[in-house]
Structures are given as structure tokens and as C-alpha cells.
Amino acid sequence: MLAEQQTEEQITKTVLKGLTLKELKDFFTVADEKRFRGEQVFHWLYGHMVENFDDMANVPKYLRRKLNAYCEIMTLSNLTSEMSPRTGTKKYIFQTQDNHKVEAVVIPDPKRTTLCISTQVGCPLDCQFCATGLMGYKRNLSPGEIFDQYLLAAKDYNPRSEITNIVYMGMGEPLLNFTNTLKSLQIFAEDKTKGISLRKITVSTAGIAPKIIELADSGLRVKIALSLHSCFEETRSKLMPINKKYSLTDNLEAVRYYAKQTGTRITFEYILLKDINDRQDDLNALIRLCKSLPCKLNVIPYNSIHHMNPKGFAAELRPTTKIKLDEFVNKLRENEVTVTVRYTQGEDIAAACGQLAYKLENPDDLL
Ligand code: SAH
């Protein structure tokens, strides 16, 4: 397998969790073992969620010994979790081996149970309404660390109600961690035991146009959500500085291509912000846009991040009132736009959209 003369202390162990089926098969082939061992190990890692090689019953003993010596499985450990008694929403904080913290949230509703996972520690984007941006960017998560959020959350939550949908909407920008995000999706696609097909997975992006095109061409038929938040370049650039690099025009072209290539409907996410994107011309532009491609609109009431002490423009943001929000949504519906309103779940445990990171800044609150 690996150089036998090396002692266990000298070698850096190969992390197997996070390898796709093909990568695992290649790994065993290169190691002069049978290729099908890759399939067996894949099954144990992701299907049975085993945490050590000795539990891999159909892997021969000599091979388990080698795996123990040269490889490892685990990526994340379960640091803490908190459940909202009101909604059943449960937030998990996992710890990476280098002591970073990663958040994931399970959101139950009568029709589905959705898990929201993170792709980066922190976020390099500076979206003015989002708490994660304020904690800065630490690093990309590996494919194993992304998939492990699902394994650990499922192990804990599934007895209560089975996770049916996954959204890549936690901390970070998935398309700026493109390779690892793609690999984690590949694992969902390859693992047939979970019943989570790619159709049940949504990748949410602030809009990295060339990567949206690349994802469309990847053959992985996940759903995509574009965080829109304004139909006007200038306002959008103020809210989301990344818009100066990848303009709304380019992103809309990219999602049109995505819809065509994959045959899926695009989701637009739209946080309603008082006097910023909730005026009549915003409504008109939104109706025009939504009528021009197969899509649905997800209207999100703004969850305040004042506890993070935002500065400048970020400090001025306010939610649209409930009455105005209802009016806005009704007008969209009258114009035959498919709209859902994502009423906040998990605010009481700081697990709502854009709030991930708050408690991480105050770790003492958790323990
Ligand atoms: N970077 C990706 C995924 C993370 S954000 C993206 O931008 O899509 C996931 C969703 O939460 C996005 O639609 C984002 O705009 C929304 N969000 C962020 N902060 C929020 C807040 N304070 N209130 C409500 N929604 C927020």
C-alpha cells in the first residue's frame, strides 16, 4: 500500500472520507489492492457511516490493519447542538481537526426535513446583510468536511425525522470552493442508500457567473439558487460587493444557461429590505425578470444582524414591515410569479439565514 518502511508516526494519514467512489477505487488500485475494495469502503463510509476501519466487516483483516496504519476516516467532531423547542429547528456546531467551527442547521417542516450545510469556514464575500461575512474568511472546507455535516446531523436527527433535502446555504460561498463542493455533490449522487438524489439538493450562490456555467456543464443536476436581492446593478453592488466583479447581467445569463442545460427551475432568493429593494420599481423589475425564465422566488424577511455591530451601509438595513411584505408578495402572485416566503425558523437559537457566525463570535454563550 504505502511505503511499508515508514513508521506510523512519520506518515501523514490519507483521509478517506471525502473521496468519491472513483477516487476510492483508484486509491485501492494504486495500492495494489482489488478495485472493488473502493466500492466496499465507499459503502461503509457513507452508507453505514462507520467511524473506524474495524467495523468494515467485509474488508479482510490484513487490509483493515493497513487502513488503520495509513489512512483515517473522521473529519469533523460534534461539538455542540441546540434545538429550538418552538420549531424543532436544530443547530449543530461541528469542529474541524484544526479547531475551526462549522455550522449546520436542520429545519423540519410538515413536507420535508431540510439540512442547511456550510462550505467554508467564514466567508470571503462581504454581503452587507450577512453575519457570516463579518467574521471574515478562514478556509475552504474539504469534501469530507462538507459531507460529514450531513452524516453527523443525520445520525443525530434521523430518528426524529429523516433528512430529505439538503441546501448549501450555510456559511461560505459554495462556488468559491468549487472543486470540493462538486466532490461532495458527487458523493451524494453516488451514495444510493440515502434516498437523497441530486434533485433534492440546492446550491445557493451569491453569483459567481463562470462557476454557474461550469456547474451546469458538470452533469450534476442539482438545483441552483441565486441570491438576487435586487434587480438593479447599482443597488446589488452596494448590498453585495461581489456584484462588481460578476455583474447581475452575467449572472442572469449564467442561470438562464443553467436552467436550459439542466431542465431545472432557478430559485431566486430575495431578502426584503425597507426602502432598498421593496419599492414599486423593484417589484416591476422582479415581475419582469421572473416571467422571463423558469423560476421561483423565495422572499426572505431580513433577519437583523445588529448584534454583530455592522458599520456603514450595513448598519442602515431594516426589514420591510410585515404588512408591506404581504402586499409585495400578493402583487407578485397576482402577476403569476411563483413565490414562497421563507419565514424565519431558528431565530431563537441564532440559526436563521445570515445569522450563522453570531454565536461563534461569542463562544462562551455556547458552553
Ligand atoms: N453564499 C451563498 C450561500 C450562503 S447565504 C449565497 O449567497 O447564496 C444563504 C442565504 O441566506 C442567501 O440567500 C443569503 O442572501 C441569505 N441571508 C444572508 N444573510 C441574511 C439575513 N441577515 N437575513 C435573511 N437572509 C439572509
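The values are calculated or read from the model by the stated rules, or taken from the named source; none is laboratory data. Computed from a prediction, not measured in an experiment: that's the story for all the values here. Every residue, glycine as well, gets a Cβ built from its backbone with ideal geometry; the counts of neighbours run over all protein chains shown. Ligands, DNA and RNA are stripped out before the accessible areas are found, and what is left, the full protein with its side chains, is counted by its heavy atoms. Shrake-Rupley method; radii C 1.70, N 1.55, O 1.52, S 1.80 Å.
Here is how the numbers come out for the structure above:
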read-out: Failed criterion for residue 264 (all others in (1) farther than 18 Å from residue 133 by Cβ; (2) open to solvent by 30 Å² or more (accessible area, probe 1.4 Å); (3) part of a loop (DSSP other than H, G, I, E, B) hold); value: (2)
read-out: Residue under evaluation residue 75, criteria (1) crowded, with 18+ Cβ neighbours inside 10 Å; (2) part of a helix (DSSP H, G or I); (3) in contact with a Lys or Arg (Cβ under 8 Å, 6 or more places away or on another chain), criterion not met; value: (2)
read-out: In the stretch 237-294, the residues that are acidic (Asp, Glu) and more than 19 Å from residue 172 (Cα to Cα); value: 250, 253, 275, 278, 281, 282
read-out: Any hit, the stretch 84-93, residues being open to solvent by less than 10 Å² (accessible area, probe 1.4 Å), more than 30 Å from residue 309 (Cβ to Cβ) and either modelled with pLDDT under 95 or in contact with a Cys (Cβ under 9 Å, 6 or more places away or on another chain) (or both); value: yes
read-out: Filtered residues of the stretch 272-325 (kept if open to solvent by 50 Å² or more (accessible area, probe 1.4 Å) and in contact with a Ser or Thr (Cβ under 9 Å, 6 or more places away or on another chain)); value: 274, 275, 294, 296, 318, 319
read-out: Among (1) under 22 Å from residue 329 (Cβ atoms); (2) surrounded by fewer than 22 Cβ atoms within 10 Å (Cβ to Cβ); (3) of a type in the set (Gly, Ala, Ser) - the single one residue 197 does not satisfy; value: (1)
read-out: Residue list for the stretch 9-39, restricted to those being within 19 Å of residue 145 (Cα to Cα) and either part of a loop (DSSP other than H, G, I, E, B) or open to solvent by 90 Å² or more (accessible area, probe 1.4 Å) (or both); value: 12, 13, 16, 17, 18, 19, 20, 22
read-out: Residue 164 being β-branched (Val, Ile, Thr), away from the ligand (no atom under 13 Å from the Cβ) and in the same structural domain as residue 197 (by TED's automatic domain parsing); value: yes
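Every residue, every condition in (1) outside the structural domain of residue 244 (by TED's automatic domain parsing); (2) under 21 Å from residue 181 (Cβ atoms); (3) within 16 Å of the ligand (Cβ to nearest atom), yes or no:
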position: 90; (1), (2), (3): no, no, no
position: 114; (1), (2), (3): no, yes, yes
position: 120; (1), (2), (3): no, yes, yes
position: 123; (1), (2), (3): no, yes, yes
position: 134; (1), (2), (3): no, no, yes
position: 141; (1), (2), (3): no, yes, yes
position: 158; (1), (2), (3): no, no, no
